[in-house]
Amino acid sequence: MLATALRVPEDAQTRDPKPREVAASRAPARAAPPSATGIGVTLRDLRKDFDGHTVIEGLDLHIPAGQFVAVVGRSGCGKSTLLRLILGLEQASAGRIALETRAVRTPPKRIMFQEPRLLPWARVVDNVAVGLGEGGSRAERRARAEAALAEVGLSEKAGNWPATLSGGQRQRVALARALVSRPGLLALDEPLGALDALTRIDMQAMIERIWRAQGFTAILVTHDVAEAVAMADRILVVEAGRIALDVAVDVPRPRRRGDADLAALEGRILDHLLSERAPS
Amino acid sequence: MIPSVRTRILERLTPWLVPAAILLGWQAAASTGLVSTRFMPAPSGVVAAGWQAARSGELWSNLSISFARAAVGFLIGGGIGFALGLANGLSRLSERLTDTTLQMIRNIPHLSLIPLVILWFGIDEGAKLFLVAIGVFFPVYANTLHGIRSVDPQLVEMGRVYGMSPATLFRRVVLPGALPSIFVGLRYALGIMWLTLIVAETISASSGLGYMAMQAREFMLVDVVVLAIVIYAGLGKAADAVTRLLERRFLAWNPAYRNA
């Protein structure tokens, strides 16, 4: 049973010395759910240097539209840089990043940061409207922002200042801001890291529910393996700027916390991460 | 529990208890002859002098002239300071070009320029406006620059990622973020504005509050001299109240100002 649930693509299990040659065989771990709104991401031989120091090297990756991918790894392994490259916040030093979508008009890419990053001088509803960009009439923007707030359960806080909200509520406003423009790709850069354990679980469920309803591609960077296992279709372990492990999580949703398969997978990934410490 | 009306009135009155006590003591000392009214008029004498000056129209004309000088000088100096603060906060090139020069000039006490200013402008309006403008320039400049510098870079990055144009980014992120610091500069500048104007009018003027006080001194009208000083205090308080009002209006989002 475990064997079927935790299938690992052959080439990802070991660190391969020549990533370029196996690039073509690194197909998606399983057929992704068809998504009309999601953005697919393909990276070819990606490299990123900072001041002569290589953070990402020879990285190949395909993320089908609509997939929920979690990226885990130790601090400084390059996982946040990978996310920023995909979003276009950083320029790659070499290699190619291709984004494709089946939608007629390319949906936007959005990011949720570790901090809420709300404008303290704008009301909650106006903060959400920031996610709409600049177009649209006042009334229309407000209506869409209010709808997004309702989706995260914060309708009654629309007129509040961010300073009056709790940490979890602020992060929900940030989620509404990221979702209000109906993005095709949502990047989550450890967005739940600063929240308490129970609020985290609520937020995880909320993000998963909205992802299932909207069908965007989600890339979650986290160092909480349990979170990755609970939420993602597929887990990438990044190590020294490469993908060291690419695991599909074939556990049906909704997933139950404490599920034996999930726990076993979590243990395996943790073992992998911890074994990195002592290179043989 | 909601405080009763009486408690609230008492709370409002508390700050005024000390000034009222001083006034009463002063009046008593003057009435009993403890203090000679030749050197220190009684409060009632000051009020009488104020009433007389108001009725003759002299007070209003002097007050409005002083006020106009303060306002024009403030707008010129504050406007240039604000513009340069913005420019140097937003552009490295502009900062490298002008900041060192400005910091050097900043260390000159602006009132030390009075002899030079009199040589340049005589005792015309230009002299007073120039001094006020120089005086208010630096607090506005320095605090605007500091405010822009200290805008949270994470918010700026968020704005960029969410596709804000440079103009929108400035209007929605940078300027509101710099506003608390700009208000600090505004308060300093208003204080310096009155100070400079009074000094300038005392030294060289043929109208205005400072002139009124200096003329009264020549005729030994102590009550008018004290009247002028009391008006300065009132103007300072009024300027502070206006800033507070603006702060409460524009910084309502900031918990530190909401109940200020």
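The values are calculated or read from the model by the stated rules, or taken from the named source; none is laboratory data. Since this is a predicted model, take the numbers as computed values, not measurements. Positions of Cβ are generated from backbone atoms using ideal geometry, with glycine treated the same way; all protein chains shown enter the neighbour counts.
Descriptive notes on the structure:
- In segment A:256-274, the residues that are in contact (Cβ under 8 Å) with a residue 40 or more places away in the chain form Cβ pairs under 6 Å with partners that are in a helix (DSSP H, G or I) and surrounded by 12 or more Cβ atoms within 10 Å (Cβ to Cβ), at six or more places apart or across chains, as follows: A:ASP261/A:ALA5; A:LEU265/A:VAL229; A:GLU266/A:VAL225; A:GLU266/A:ALA226; A:GLU266/A:VAL229; A:ILE269/A:VAL225; A:LEU270/A:VAL225.
- Checked against the criterion of being closer than 24 Å to B:SER181 by Cβ and among the acidic types (Asp, Glu), segment B:125-136 contains not a single residue that satisfies it.
- Within segment B:200-226, being of a type outside the set (A, V, I, L, M) and not in a helix (DSSP H, G or I) holds for B:SER204, B:SER206, B:SER207, B:GLY208, B:PHE219.
- Taken together, the residues in segment B:170-184 that are over 24 Å from B:ILE76 (Cβ atoms) and surrounded by fewer than 18 Cβ atoms within 10 Å (Cβ to Cβ) amount to 1.
- Positions within segment B:121-141 being buried (at least 21 other Cβ atoms within 10 Å of the Cβ) and more than 17 Å from B:LEU195 (Cβ to Cβ), in sequence order: B:TYR141
- Subset of segment A:104-151 (residues that are at the interface with another protein chain (Cβ under 10 Å from one of its Cβ atoms), under 22 Å from the mean Cα position of the chain (by Cα) and in a loop (DSSP other than H, G, I, E, B)): A:PRO108, A:PHE113, A:GLN114, A:GLU115, A:PRO116, A:ARG117, A:LEU118, A:GLY133
- The residue that is farthest from A:GLY76 (Cα to Cα), among those in segment A:176-221 that are out of contact with any Lys or Arg (no Cβ under 7 Å at 6 or more places or on another chain), outside any helix (DSSP H, G or I) and without any contact (Cβ under 8 Å) to a residue 60 or more places away in the chain, is A:ASP196.
- The residue that is nearest to the other protein chains (Cβ to nearest Cβ), among those in segment B:220-257 that are surrounded by 17 or more Cβ atoms within 10 Å (Cβ to Cβ) and among the small types (Gly, Ala, Ser), is B:ALA239.
- The set of residues in segment B:141-180 being farther than 16 Å from A:ARG117 by Cβ, among the hydrophobic types (A, V, I, L, M, F, W, C) and in contact with a Leu (Cβ under 7 Å, 6 or more places away or on another chain) consists of B:ILE148, B:LEU179.
- For segment A:123-151, taking the residues that are crowded, with 17+ Cβ neighbours inside 10 Å, in contact (Cβ under 8 Å) with a residue 40 or more places away in the chain and small (Gly, Ala, Ser), the one that is nearest to A:ILE210 (Cα to Cα) is identified as A:GLY131.
- Selection count where residues are crowded, with 24+ Cβ neighbours inside 10 Å, of a type in the set (Ser, Thr, Tyr) and farther than 17 Å from B:PRO109 by Cα, scope segment B:185-204: 0
- Test result for A:VAL229, at pLDDT 90 or above, out of contact with any Pro (no Cβ under 7 Å at 6 or more places or on another chain), assigned by TED's automatic domain parsing to the domain that holds A:LEU59 and part of a helix (DSSP H, G or I): yes
- Residue check for B:ALA53: modelled with pLDDT under 95, in contact with a Pro (Cβ under 9 Å, 6 or more places away or on another chain), surrounded by 14 or more Cβ atoms within 10 Å (Cβ to Cβ) and not hydroxyl-bearing (Ser, Thr, Tyr): no
- For segment B:151-175, a tally of residues being touching a residue at least 40 places away in the same chain (Cβ under 8 Å) and facing chain A (nearest Cβ under 10 Å) returns 0.
- Matching residues, segment A:152-162, being polar (S, T, N, Q) and within 27 Å of the chain's Cα centre (by Cα): A:SER155
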